[in-house]
1. Which one of these does B:LYS76 not meet: (1) modelled with pLDDT of 90 or more; (2) closer than 27 Å to A:ASP188 by Cα; (3) charged (D, E, K, R)?
2. From the residues in the range B:86-122 that are of a type outside the set (A, V, I, L, M, F, W, C) and part of a strand (DSSP E or B), which one is nearest to A:PHE59 (Cα to Cα)?
3. Sort out which residues of the range A:163-207 are facing another protein chain (nearest Cβ under 9 Å), buried (at least 18 other Cβ atoms within 10 Å of the Cβ) and within 30 Å of A:TRP240 (Cα to Cα), and write them in order of number.
4. Of the residues in the range B:83-117, how many are in contact with a strand residue (DSSP E or B) (Cβ under 8 Å, 6 or more places away or on another chain), of a type in the set (Gly, Ala, Ser) and closer than 16 Å to B:ALA38 by Cβ?
5. For A:LEU90, are the conditions met, namely being more than 9 Å from every other protein chain (Cβ to nearest Cβ), within 30 Å of B:LEU11 (Cα to Cα) and in contact with a Ser or Thr (Cβ under 8 Å, 6 or more places away or on another chain)?
6. Has the range A:186-195 got at least one residue that is in a helix (DSSP H, G or I) and within 19 Å of A:LEU76 (Cβ to Cβ)?
7. Of the numbered conditions (1) touching a Ser or Thr at 6+ places or on another chain (Cβ under 6 Å); (2) assigned to a strand (DSSP E or B); (3) within 12 Å of chain A (Cβ to nearest Cβ), B:PHE35 fails exactly one; give the number of that condition.
8. Given the residues A:ALA99, A:ALA131, which is the only one that is within 13 Å of chain B (Cβ to nearest Cβ) and aliphatic (A, V, I, L, M)?
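The values are calculated or read from the model by the stated rules, or taken from the named source; none is laboratory data. Quick caveat: nothing in here was measured; it's all calculated off a predicted structure. No Cβ is skipped: glycine too gets one built from the backbone with ideal geometry, and neighbour counts run over all protein chains shown.
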Amino acid sequence: MKSSPTIAPRPGHILHRFANPGRFLRLASVVQPWLTGVTLVLVVIGLGWGLFIAPEDRFQHDAMRIIYVHVPAAWLASAGYFGLALCSALSLVWRHKLADLAAAEISPVGAAITTLALASGSIWGKPMWGAWWVWDARLTSVLVLFFLYLGHIALVRAFDDPERGQRAGAILALVGVVNLPIIKFSVDWWNTLHQPASITLTGASMDKGILWPLLISMLGFSLGFAALVMARLRAAVMEWRIRSLLLARTREHR
Amino acid sequence: MTRKHRRLLVLVACLVGLGGATALTLTALNDNMVFFVAPSDLASKPPRPGRSFRIGGLVEPGSLSQIRQDGKPVMKFRVTDGKASVSVFYAGVLPDLFREGQGVVVLGMLRPDGEIAASEVLAKHDETYMPPEVADALKKAGQWAPPPKPAADFRPAAAIPAKPG
């Protein structure tokens with residue numbers, strides 16, 4: 001079938017509007033200060049409330065306060081990877097320049113937050129479980145997620161032609177997406193030392209005084225992740241523009 | 001448009017294939033993916049002699065005691081999953097979270113007498129977080145259910161297929 005030249009709105013149309021790098025730069029310069037400001041306020045409230053005011057747990061006492069860092073970090077390790085996979089799908093199927101650049105900027109932030117999740121879990125694990133690390137399904141699958149992030153970081157930057165690197169990185173990111181349900185359900189499918197989810201769709205097995213600061217902290221960390229990625233993406237778009245300009249100029253002078 | 005659709009189709013097909021392959025692999029490896037076995041598994045699937053293995057369950061309430069073996073203090077307790085229980089001996093420091101009625105994962109070897117000589121004891125925390133005052137209030141109101149769902153907590157129903165024999 002030949003596609004006829006219609007002007008009717010196509011499904012990809014709205015994506016193209018927001019994927020326009022110029023439009024993104026204009027929108028992001030307005031959103032960025034607000035995103036950063038709200039992040040700082042929420043993280044200060046969430047962590048301050050959680051670390052100093054919220055009640056302690058009956059068994060773990062103060063050691064349990066690490067959840068105010070560990071749970072947001074672990075949530076973002078997975079959610080960030082989902083964003084990376086989404087950008088990869090957009091770049092492979094719709095060939096969006098902005099999605100290419102975004103994928104390359106998400107993975108370093110995702111690797112950092114995964115490191116935070118692994119490190120904070122380990123620090124909690126030693127006094128509570130009695131071991132820094134165990135090879136149970138949850139911990140192992142999150143370690144695999146960390147390596148996927150590292151692989152993506154390296155692969156995207158491994159080619160002289162950035163487009164080839166972005167293509168290879170997108171394929172890696174999409175292959176790795178099978179790990180996300182494994183991480184989520186590892187504690188339900190197999191015997192693990194890691195406890196199952198406390199916050200589910202049907203409710204939370206947590207006292208309200210512990211739950212609220214945790215939710216605020218999670219929201220704050222999430223906005224912070226978005227703010228970091230947005231700042232990096234703005235820089236990447238500008239860098240890409242400068243590089244294209246320089247390239248065009250050298251061609252002219254040749 | 002058709003090229004985009006074709007690319008999307010290929011991508012979806014690849015993901016479905018990859019997901020299916022992963023699911024099959026994980027199903028095949030199910031028996032090897034367990035971090036620990038339950039006490040009731042010991043009879044049906046006995047570990048090879050001389051090999052370390054992990055056993056998980058709740059510390060049976062009232063079973064913790066300190067005994068002396070060769071002049072050294074040794075902790076003795078029983079691990080249960082609601083269906084069977086097994087005695088564990090451990091000469092070492094128990095983790096902070098170790099309590100009767102709480103989850104525990106023990107690395108050790110089965111002795112000829114059917115008891116376990118542990119080399120490592122890990123405490124397993126459950127998913128409930130509660131301040132001590134709330135726990136006290138619940139206890140006072142008589143709404144306290146100490147060990148929640150011992151068997152279900154450690155044997156996720158979907159995980160291990162029941163094998164006859």
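1. The single condition B:LYS76 does not satisfy is (2).
2. Of the range B:86-122, the ones of a type outside the set (A, V, I, L, M, F, W, C) are B:87, B:90, B:92, B:95-96, B:99-103, B:108, B:111-115, B:119-120.
Remaining after also requiring part of a strand (DSSP E or B): B:87, B:90, B:103, B:108, B:119-120.
Working: B:SER87: 24, B:TYR90: 22, B:GLY103: 12, B:GLY108: 25, B:SER119: 24, B:GLU120: 21 Å.
Applying the filter and picking the extreme gives B:GLY103.
3. Answer for the range A:163-207, where residues must be facing another protein chain (nearest Cβ under 9 Å), buried (at least 18 other Cβ atoms within 10 Å of the Cβ) and within 30 Å of A:TRP240 (Cα to Cα): A:LEU174, A:VAL177.
4. Narrowing the range B:83-117 to residues in contact with a strand residue (DSSP E or B) (Cβ under 8 Å, 6 or more places away or on another chain): B:85-92, B:94-111, B:114-117.
Still in the running and of a type in the set (Gly, Ala, Ser): B:85, B:87, B:91-92, B:101, B:103, B:108, B:114, B:117.
Subsequent filtering for residues that are closer than 16 Å to B:ALA38 by Cβ retains B:85, B:87, B:103, B:108, B:114.
Of the residues in that region, 5 qualify.
5. Values: more than 9 Å from every other protein chain (Cβ to nearest Cβ): yes; within 30 Å of B:LEU11 (Cα to Cα): yes; in contact with a Ser or Thr (Cβ under 8 Å, 6 or more places away or on another chain): no.
No, not satisfied.
6. Pass one, the range A:186-195, residues in a helix (DSSP H, G or I): A:186-189.
Cutting the leftovers down to within 19 Å of A:LEU76 (Cβ to Cβ) gives us A:186-187.
Yes, because at least one residue in the range A:186-195 is in a helix (DSSP H, G or I) and within 19 Å of A:LEU76 (Cβ to Cβ).
7. Just one mismatch for B:PHE35, condition (2).
8. Working: A:ALA99 fails: within 13 Å of chain B (Cβ to nearest Cβ).
Going through A:ALA99, A:ALA131 in turn, just one is within 13 Å of chain B (Cβ to nearest Cβ) and aliphatic (A, V, I, L, M): A:ALA131.
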